[in-house]
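Undergrad: My structure is below; once you've seen it, I'll send some questions.
The values are calculated or read from the model by the stated rules, or taken from the named source; none is laboratory data. From a predicted model like this one, the values you see are computed outputs, not experimental measurements. In this analysis, Cβ positions are derived from the backbone assuming ideal geometry, glycine residues included, and neighbour counts consider all displayed protein chains.
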Amino acid sequence: MTNLLLASVLSRPIKEPVPVFLMILGIMLIAPLLFERIRLPGIVGLILAGVIVGPNGLGLLARDNTIVLLGTVGLLFLMFMAGLETSLDDLKYNADKAVIFGLATFVVPMALGTIAIMAIGYGVLPAILVASCFASHTLLALPIVSKLGLMRSQVLTTTLGGTLITNILALLVLAVVVRAHQGSLSFEFWLFIIPSLIIYTFLTLWGVPRLGRWFFKRFGHDEGAEFIFVLATLFVVSYGAELIQIEPIIGAFLAGVAITQLIPQLSPLMNRIQFIGNTLFVPFFLISVGMLVNPLILVQEPRSLLVSAVMVTVAIIAKFIPAWGSGKLFGFSFDNIMLMFGLSVAQAASTLAAITVAYKIELVDQLTVNGTIAMILVTCIASPWVTNQWGQKLKPGEVSSQSRETGSLGDRVLVPVANPSTEDNLLKLAILLTKSATGTLLPLHILLENSSFISPEDKARQSQLLSTAEMIAHAAVVNVTPIGRIDESIDKGIARVAEEKQASVIVCGWKGYSTYQENIFGGVIDKIVHRSAVPVLVTRFPLPIEHTARVFLAFTTQQAYASSFGQSIELAKSLSTELKASLQLLQVVTVKGVPIDLNDAGLPENTPIQKVRGNFVQQVSRLLKTNDLLVLNGSVEQKQLLSVLGRIPEAIAHNHPEVAMIVAYFPHEY
């Protein structure tokens, strides 16, 4: 009797919300851990777990509306995070490679797929549609690449750009084939889809960043509002894609590309987005994909095996050929080629969408659906495995030179805090430097020993300030060691703590001007620079650091010959990368100076370098824009004066009060 009752319970899917959610959470926890122990990617475990508990396995869970909803959200989140990792500047610099790979990974599968499917007895329209499924691909293994730290590599930028191109083309083929099958492929269709796609893309890439800057400027103090705004942007843009009859996943990717310039890569907001996506929504999608697979149906009809074998074979070959050919053309190593292949071989999102639509209108039969499921299962297992195997080989060599060079700056970042709510940008800059080097943040607050008694209120305020700074650092997943200090003066306390804690850099805030007394006797910043044995970054951020659109390094010819100038270049490169901003250099040549050649300075390809003659302040002020971050190199000569900042930074700050600024001072040994 007990066995019959148990069998009856197991024969029906669980429908109660709490057990359903508990089972899914259990899968998310256990499946990746088990598969990683046998050296397979955790993604594979989630997919196979979906097969086991789904309606075609043990039947413990039904693929109902809730699973479909959460799986769709996970799919959109996956494409959105892919867009967030895509720099428009990187796409611009690698546009030729992205276009070539995108067209190759579309044309080759279309050609091979159409021929192969027609060879086993299908008509022209079904063969073209199935071939379009081969052409599209889902970046299923993207979380693996992100964990390996390869997201900003050239091969990834090329693959992401190619994905955008081939998926759009494949989905356009789907729309055209469906219209042709229904007999409604008319001139009016082309007249609608082409202008709509152009206008939609322009409004997304042009409008979202401007709306985001306004929102973050107005409500940037509310971290919850920032996160909800990002989610709302994702779904509004995705729904807009549906309105113009293209797949929402294309809209999700474009939304990520549009808003990525507003969210620094190592910021707390980016960490929250990636954490929620990778630990909750994307696993839902992977489990829902597994629940679609029915392994038993593949052996119920003999011809099903033939169709499945042809689809699996063509899908793999048709994706390897473009990756190999494009990689050879670009001069990529075999490891990079295999990484491109591993990322582009997975068939899931667009394939499922296309084949579902085609089956509903009876353009393809059940055998095609079975073969598609087999193709999805094989490619979804192969993609993470290939990506993980060859991505691990690339990891040591893919660490950029700038990370190695600037790692010393971010090892132990000392940042004095007085009021984190008003010095939020100062902490964010320090966190960016720290996280880029996997270092430790050292927030410092000093109580002045101006009497024999320090009130409990002052001690409580110090504790609260340091706790707030620690909370902000933990939100960005940064190692942090808060330091409370009692000292006779601010500058002496900072210098002593920097020495005791072996700080690698000191990050200070600056109001943008010096008083008359500070000009004569020197202020706190001047004394810190004089006393410090490590680099000091004097910073001024009138606008949120997320608004940075361009890192602008300005220097004179004399400064370019200084031994510390290389550090200034590396700092500017690192900031442009982490803030997803473009980088531009301005060299102001004096009357007697000779322009220095910076081609061997390790700058990214196509970095704009402008050389002008004339007054430094005037030339810099003429080229600055509102969302620039100006980086200046504090000269050795200025350190001999009481006021180390001098008139140049103050004059520029006076001319451009809205422009952010960093004045970097490096000791002689740097």
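Undergrad: Does LEU269 count as surrounded by 24 or more Cβ atoms within 10 Å (Cβ to Cβ) and either hydroxyl-bearing (Ser, Thr, Tyr) or touching a residue at least 12 places away in the same chain (Cβ under 8 Å) (or both)?
TA: Working: surrounded by 24 or more Cβ atoms within 10 Å (Cβ to Cβ): no; either hydroxyl-bearing (Ser, Thr, Tyr) or touching a residue at least 12 places away in the same chain (Cβ under 8 Å) (or both): yes.
Answer is no for this residue.
Undergrad: Taking segment 614-636 as the search range and keeping residues that are under 15 Å from SER568 (Cβ atoms) and among the small types (Gly, Ala, Ser), which one is surrounded by the most Cβ atoms within 10 Å (Cβ to Cβ)?
TA: Step by step, filter segment 614-636, then rank; the result is GLY634.
Undergrad: Go through (1) surrounded by fewer than 19 Cβ atoms within 10 Å (Cβ to Cβ); (2) more than 30 Å from ILE373 (Cβ to Cβ); (3) touching a helix residue (DSSP H, G or I) at 6+ places or on another chain (Cβ under 9 Å) for ILE198 and report which single condition fails.
TA: Against the list (1) surrounded by fewer than 19 Cβ atoms within 10 Å (Cβ to Cβ); (2) more than 30 Å from ILE373 (Cβ to Cβ); (3) touching a helix residue (DSSP H, G or I) at 6+ places or on another chain (Cβ under 9 Å), ILE198 comes up short only on (3).
Undergrad: If you check VAL176 against the conditions, is it part of a helix (DSSP H, G or I) and under 17 Å from PHE77 (Cα atoms)?
TA: no
Undergrad: Right, something else. Under 19 Å from the mean Cα position of the chain (by Cα), at pLDDT 80 or above and part of a helix (DSSP H, G or I): does that describe PHE275?
TA: Considered against the rule, which asks whether it is under 19 Å from the mean Cα position of the chain (by Cα), at pLDDT 80 or above and part of a helix (DSSP H, G or I), PHE275 comes out as yes.
Undergrad: In this structure, is LEU197 under 26 Å from ILE244 (Cα atoms) and either out of contact with any Pro (no Cβ under 6 Å at 6 or more places or on another chain) or not assigned by TED's automatic domain parsing to the domain that holds ASN388 (or both)?
TA: Here the answer is yes, as LEU197 does meet what is asked.
Undergrad: Going by what's in this entry, would GLY121 be described as farther than 17 Å from GLY342 by Cβ and not aromatic (Phe, Trp, Tyr)?
TA: So GLY121 fits the description; yes.
Undergrad: Further question: For segment 460-482, give me the residue count where each residue is outside any helix (DSSP H, G or I) and either of a type outside the set (Val, Ile, Thr) or outside the structural domain of LEU444 (by TED's automatic domain parsing) (or both).
TA: The total comes to 3.
Undergrad: Let me confirm something: among PHE192, PHE281, which residue is of a type outside the set (A, V, I, L, M) and surrounded by fewer than 18 Cβ atoms within 10 Å (Cβ to Cβ)?
TA: Criteria check complete, one pass: PHE192.
Undergrad: Still on this structure: Take the conditions modelled with pLDDT under 85, surrounded by 13 or more Cβ atoms within 10 Å (Cβ to Cβ) and not hydrophobic (A, V, I, L, M, F, W, C) and apply them to PRO420. Does it pass? Give the steps one after another, and end with the answer.
TA: Values: modelled with pLDDT under 85: yes; surrounded by 13 or more Cβ atoms within 10 Å (Cβ to Cβ): yes; not hydrophobic (A, V, I, L, M, F, W, C): yes.
Yes.
Undergrad: Still on this structure: Looking at segment 321-379 only, could you name the residues that are aromatic (Phe, Trp, Tyr) and farther than 14 Å from HIS137 by Cβ?
TA: Once the filter is applied, which keeps residues that are aromatic (Phe, Trp, Tyr) and farther than 14 Å from HIS137 by Cβ, segment 321-379 yields TRP324, PHE330, PHE332, PHE334, TYR359.
Undergrad: Conditions first: (1) over 23 Å from the mean Cα position of the chain (by Cα); (2) surrounded by 20 or more Cβ atoms within 10 Å (Cβ to Cβ); (3) modelled with pLDDT of 85 or more. VAL529 passes all but one, so which condition is the exception?
TA: Failed condition: (3).
Undergrad: Right, here's the next one. Which one of GLY224, GLY162, GLY212 is on the phi < 0 side of the Ramachandran plot and either outside any helix (DSSP H, G or I) or in contact with an Asp or Glu (Cβ under 9 Å, 6 or more places away or on another chain) (or both)?
TA: Result of the check over GLY224, GLY162, GLY212: GLY212.
Undergrad: Restricting attention to segment 501-524, does a residue exist that is surrounded by fewer than 17 Cβ atoms within 10 Å (Cβ to Cβ), modelled with pLDDT of 85 or more and out of contact with any Ser or Thr (no Cβ under 6 Å at 6 or more places or on another chain)?
TA: yes
Undergrad: Please work out if LEU305 is modelled with pLDDT under 80, in a helix (DSSP H, G or I) and farther than 21 Å from PHE77 by Cβ.
TA: It is false that LEU305 is modelled with pLDDT under 80, in a helix (DSSP H, G or I) and farther than 21 Å from PHE77 by Cβ.
Undergrad: Kindly provide the set of residues from segment 546-572 that are within 13 Å of LEU629 (Cα to Cα) and surrounded by fewer than 21 Cβ atoms within 10 Å (Cβ to Cβ), ordered by number.
TA: Of everything in segment 546-572, those that are within 13 Å of LEU629 (Cα to Cα) and surrounded by fewer than 21 Cβ atoms within 10 Å (Cβ to Cβ) turn out to be ALA549, ARG550.
Undergrad: Quick test for you: out of ALA323, ALA374, pick the one residue that is in a helix (DSSP H, G or I), closer than 23 Å to ILE117 by Cα and modelled with pLDDT of 90 or more. Step through it out loud before you land on a result.
TA: Values: ALA374 fails: modelled with pLDDT of 90 or more.
When all the criteria are applied, what remains is ALA323.
Undergrad: What number of residues within segment 135-159 satisfy the criterion of being among the hydroxyl-bearing types (Ser, Thr, Tyr), assigned to a helix (DSSP H, G or I) and buried (at least 24 other Cβ atoms within 10 Å of the Cβ)? Talk me through it step by step, then tell me what you get.
TA: Restricting attention to segment 135-159, the residues satisfying the condition of being among the hydroxyl-bearing types (Ser, Thr, Tyr) are 136, 138, 146, 153, 157-159.
So of that shortlist, the ones also assigned to a helix (DSSP H, G or I) come out as 146, 157-159.
Keeping just the survivors that are buried (at least 24 other Cβ atoms within 10 Å of the Cβ) gives 158-159.
Residues flagged as among the hydroxyl-bearing types (Ser, Thr, Tyr), assigned to a helix (DSSP H, G or I) and buried (at least 24 other Cβ atoms within 10 Å of the Cβ) within segment 135-159 amount to 2.
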